[in-house]
Structure formats: C-alpha cells, structure tokens
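Okay, structure first, notes after.
The values are calculated or read from the model by the stated rules, or taken from the named source; none is laboratory data. Treat the numbers as computed from the prediction; the structure is a model and nothing was measured. With ideal geometry, Cβ positions are generated from the backbone for all residues, glycine too; neighbour counts draw on all protein chains shown. Remember, those area values only see protein heavy atoms, side chains included, never the ligands or the DNA or RNA. Shrake-Rupley method; radii C 1.70, N 1.55, O 1.52, S 1.80 Å.
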Amino acid sequence: MFFFFFIFFFACCKMTFTEEKLGQAEKTELDAHLENLITRADGTKNWTEKILRQTEVLLQPNPSARIEEFIYDKLDKKLPSRGTNAELLGQYMLEAANEFGPGTPYGSTLITVGEYQKRLGSAERELLHTSATTFLTPLRNFLEGDWRTISKERRLLENRRLDLDICKARLKKAKQAEAKAAAAPDFQETRPRNYVLSASASAAEHELRVAQTEFDRQAEVTRLLLEGISSTHLNHLRCLHDFAEAQATYYAQCHHYMQDLQRELNRCANSVSAPLSSAAVCPDPVSSAFLSGPPSPGATVSSSSQRPSTLTMEQSQLPVTGTRKAKVLYDYDAHDASELSLLADELITVYTVPGMDPDWLVGERGNEKGKVPVTYLELLS
C-alpha cells in the first residue's frame with residue numbers, strides 16, 4: 001500500500017514540476033534573500049571545488065600519485081612514505097659520487113649538490129604536509145560535510161515547495177467545482193453536490209495550511225544553513241593565510257639553500273683554479289658555506305668572491321654601518337657557531353660591517369651574536 005502511495009505522490013510531484021516549467025501551474029517563489037543565499041552558496045561550492053583541484057595539481061603534478069592518494073584516503077589507510085623528486089635526485093647524486101670517487105672534483109661537487117637537493121626535497125615535503133593540513137583538508141571537509149548537509153536540506157525544501165504547489169492546485173480545483181455546483185444546483189439529489197464539494201474544499205484548505213507550515217519551517221532551516229556560508233568564508237580566509245605563509249616559508253628556505261649552494265660551488269671553483277691548491281676538491285657540504293677563509297694567494301676569483309663571505313667574532317668588532325631593529329619572519333637554525341638561530345616573530349638588533357656579504361647581517365639578541373640571513377628578517381624603521 002505504501003509503495004503505491006509513494007508512486008502516486010512521485011507522479012503528482014513530477015507532473016506539478018513539469019507544469020511549472022511549462023507555465024501551466026502556479027509556482028511558489030522563494031523570497032529574494034533566500035534566493036541570494038542559494039546563489040552565493042552555489043558559487044562558494046563551485047569555486048571551492050576548482051581551487052581545491054588546482055591546489056592539488058600544484059602540490060602534486062603527477063596524476064597517478066594524486067589518484068593513489070585519493071584511493072588511500074577513501075580506504076582510510078595511511079599513504080606509504082614517498083620521497084620527493086628533489087630528495088630522489090639528491091640520493092642519485094650521492095650514489096654517483098661514491099662510484100666516481102668522492103675525492104675527485106666531479107664526485108665532490110655531486111656530493112655538495114646532492115646534499116642541497118635533499119634539503120630542498122625536505123623543505124618541499126614540509127610544504128606538502130603543512131598545505132594538506134591547513135588548507136586542503138578544510139576545503140575538502142566543507143565539500144564533503146557542510147555542503148552535503150546544505151544540499152540535503154535544499155532538496156527537502158524543493159519537495160516541500162512541490163507539496164505546497166500541489167495543495168494550492170487542489171484547493172483551486174475544489175473552489176472552482178464548488179462555485180460551478182452553486183451556480184447550477186440539482187434539487188433532485190438527496191445529498192446536494194455543493195455540500196460534498198464544500199467539504200472537499202475545506203479538506204483542501206487544511207492540507208494547504210499544513211503544507212505551508214512545513215514549507216516555512218524548511219525554508220527557515222535552509223536559510224540558517226546558507227547563512228553559515230559567511231562563517232565558511234572566514235574559515236577559508238584563515239586557511240588561505242596559512243597556505244600563503246607555508247609557501248613563503250618554503251620559498252625563503254629554497255632561496256637560502258640555493259644561495260648557500262652557489263657559495264659552495266664558487267669556493268669549489270676557486271679551489272680548483274688556485275695554483276697552490278694541494279687538492280682540487282670541493283669543501284664538505286655539511287659545513288656552512290660561510291666558514292671559508294680568503295682565497296689562496298694567486299687564485300683567480302670573481303668580483304663577487306672578492307667580498308669576504310665570512311663573519312668571525314673579530315670582524316664583528318669592526319665599525320658598524322648602522323644599527324636597527326628587525327622582526328624575524330621565520331624560524332632559522334644556525335648552521336655553525338658563526339650564525340645566530342632565530343625564532344619567528346622575535347625582535348633582534350641587526351647591523352652590517354664593511355665588506356660583509358649583502359645577503360647577511362650581524363644579529364644581536366642579548367649576549368648572543370652571529371650572522372643572520374636578510375631574507376628571514378623584516379627591517380623596522
């Protein structure tokens with residue numbers, strides 16, 4: 001019995017919907033505020049999907065890897081650990097250096113570049129993890145959680161609207177039949193038709209009131225959910241700031257690593273070109289690129305390498321060229337004793353000394369002193 005009732009109800013809704021589309025039936029319109037909320041919510045959903053997909057492409061250009069991550073996520077299993085392309089390249093360079101000979105110029109340079117490639121890969125891995133946690137996951141949670149709830153309530157609202165339109169059409173027909181019977185009464189009937197039609201119209205009015213109440217209630221529920229899109233925008237705004245911060249940290253680290261690598265390679269080239277050099281190999285890449293001393297006598301150096309790139313405590317006693325405050329933008333771990341470790345958001349005093357590398361400053365924090373990279377600082381007036 002329930003099955004036949006459901007089929008009848010579905011047929012009525014479908015017929016009403018079709019008549020509304022053809023302009024043959026009255027359609028209950030939503031208020032303008034609710035319509036605007038629906039339009040805004042649809043735009044939020046569509047653009048969130050596009051931003052999510054493109055961010056995934058940006059962070060993981062390999063489509064096969066993205067499919068693998070999607071499958072593991074749906075199966076609620078942990079994705080196997082996978083090295084980044086830079087880490088894999090660095091590992092290949094180290095293995096090649098062992099085969100060619102770490103003591104040869106080519107082998108030692110492979111070791112140097114390979115170590116920095118692994119550092120770049122580690123920074124990229126941190127970017128992927130941070131972006132997935134602070135940006136991709138909230139966007140995905142909105143689409144798979146809040147938006148599904150909103151869609152469900154919107155479908156219920158559409159069903160309530162169709163119910164209301166059916167009741168309106170039924171009442172209209174009952175009123176028309178009642179008016180027609182009243183205009184041409186049949187006095188030979190034992191039970192006048194207008195009495196029956198009047199009862200039918202009363203029942204239709206009651207059904208209309210019930211349908212109107214349910215429609216209004218569902219419209220209010222849907223409205224409250226759609227107004228929550230404003231909170232979603234605020235949440236996504238915070239996530240966007242976190243994503244931009246993660247990118248800024250990553251690119252600053254990459255810039256710093258590549259500067260270090262360039263200095264290492266310049267020192268390597270200087271040591272190879274030095275006629276008095278006993279061994280034409282690059283320095284150990286684990287040591288800082290800024291601990292090198294002046295080039296050997298007679299060595300051919302470029303104009304950029306003529307600037308001392310080291311900072312010793314004796315040099316820090318030279319006259320300063322100006323002292324000012326600086327705010328630390330990102331955490332920085334000192335590579336050796338000549339550098340100063342930094343914590344994000346702290347304030348330090350910085351200055352430079354004559355002949356110092358322009359990419360570095362002398363930083364002071366209490367009794368601590370050392371070199372700090374300019375790219376990690378925001379100089380204050």
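Could you tell me whether THR222 is open to solvent by less than 40 Å² (accessible area, probe 1.4 Å), out of contact with any Pro (no Cβ under 8 Å at 6 or more places or on another chain), farther than 28 Å from GLY107 by Cα and at pLDDT 50 or above?
Details: open to solvent by less than 40 Å² (accessible area, probe 1.4 Å): yes; out of contact with any Pro (no Cβ under 8 Å at 6 or more places or on another chain): yes; farther than 28 Å from GLY107 by Cα: yes; at pLDDT 50 or above: yes.
Yes.
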**Request:** Determine the pairs where a residue that is acidic (Asp, Glu), located within the stretch 222-244, has a partner that is part of a helix (DSSP H, G or I) with Cβ atoms under 9 Å apart, the partner being 6 or more residues away or on another chain.
**Result:** GLU227/LEU37; ASP242/THR130; ASP242/SER131; ASP242/THR133; ASP242/THR134; ASP242/PHE135
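Restricted to the stretch 254-278, and to residues that are polar (S, T, N, Q) and open to solvent by 50 Å² or more (accessible area, probe 1.4 Å), which residue is modelled with the highest pLDDT? Show your work before the answer.
Looking only at the stretch 254-278, we keep the residues that are polar (S, T, N, Q), and these are 259, 262, 266, 270-271, 273, 277-278.
The next check asks that each one be open to solvent by 50 Å² or more (accessible area, probe 1.4 Å); those that pass are 262, 266, 273, 278.
Numbers: GLN262: 90, ASN266: 84, SER273: 56, SER278: 44.
Only one residue fits best here, namely GLN262.
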**Message:** Give all pairs with beta carbons closer than 7 Å in which a residue from the stretch 354-377 that is within 15 Å of ALA326 (Cβ to Cβ) meets a residue that is small (Gly, Ala, Ser) and modelled with pLDDT under 90; count only pairs at least 6 apart in sequence or on separate chains.
**Reply:** VAL362/SER316; LYS369/SER316; GLY370/ALA334; GLY370/SER338; LYS371/SER338
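Just one of ALA65, ALA96, ALA25 is assigned to a helix (DSSP H, G or I) and modelled with pLDDT under 95; which is it? Talk me through it step by step, then tell me what you get.
Numbers: ALA96 fails: modelled with pLDDT under 95; ALA25 fails: assigned to a helix (DSSP H, G or I).
Within the list ALA65, ALA96, ALA25, the selection yields ALA65.
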**Request:** Return a yes/no flag: does the stretch 235-251 have any residue that is part of a helix (DSSP H, G or I) and more than 20 Å from the chain's Cα centre (by Cα).
**Result:** no
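Could you please give the count of residues in the stretch 362-372 that are open to solvent by less than 20 Å² (accessible area, probe 1.4 Å) and over 10 Å from LEU342 (Cα atoms)? Show your work before the answer.
Of the residues in the stretch 362-372, the ones open to solvent by less than 20 Å² (accessible area, probe 1.4 Å) are 362-363, 370-372.
Still in the running and over 10 Å from LEU342 (Cα atoms): 362, 370-371.
Of the residues in the stretch 362-372, 3 are open to solvent by less than 20 Å² (accessible area, probe 1.4 Å) and over 10 Å from LEU342 (Cα atoms).
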**Asked** Of everything in the stretch 164-198 that's open to solvent by 60 Å² or more (accessible area, probe 1.4 Å) and among the hydroxyl-bearing types (Ser, Thr, Tyr), which residue is modelled with the highest pLDDT?
**Response** TYR195
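Every residue, every condition in (1) part of a loop (DSSP other than H, G, I, E, B); (2) touching a Cys at 6+ places or on another chain (Cβ under 9 Å), yes or no:
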| position | (1), (2) |
| --- | --- |
| ASP73 | no, no |
| ARG82 | yes, no |
| GLU87 | no, no |
| TYR92 | no, no |
| SER108 | no, yes |
| LEU128 | no, no |
| ALA132 | no, no |
| LEU139 | no, yes |
| THR149 | no, no |
**Item:** Filter pass, ILE51 being assigned by the TED database to the domain that holds THR109 and either surrounded by 15 or more Cβ atoms within 10 Å (Cβ to Cβ) or modelled with pLDDT of 95 or more (or both)
**Value:** yes
**Asked** Is it true that some residue in the stretch 99-120 is under 30 Å from ILE229 (Cα atoms) and open to solvent by less than 40 Å² (accessible area, probe 1.4 Å)?
**Response** no
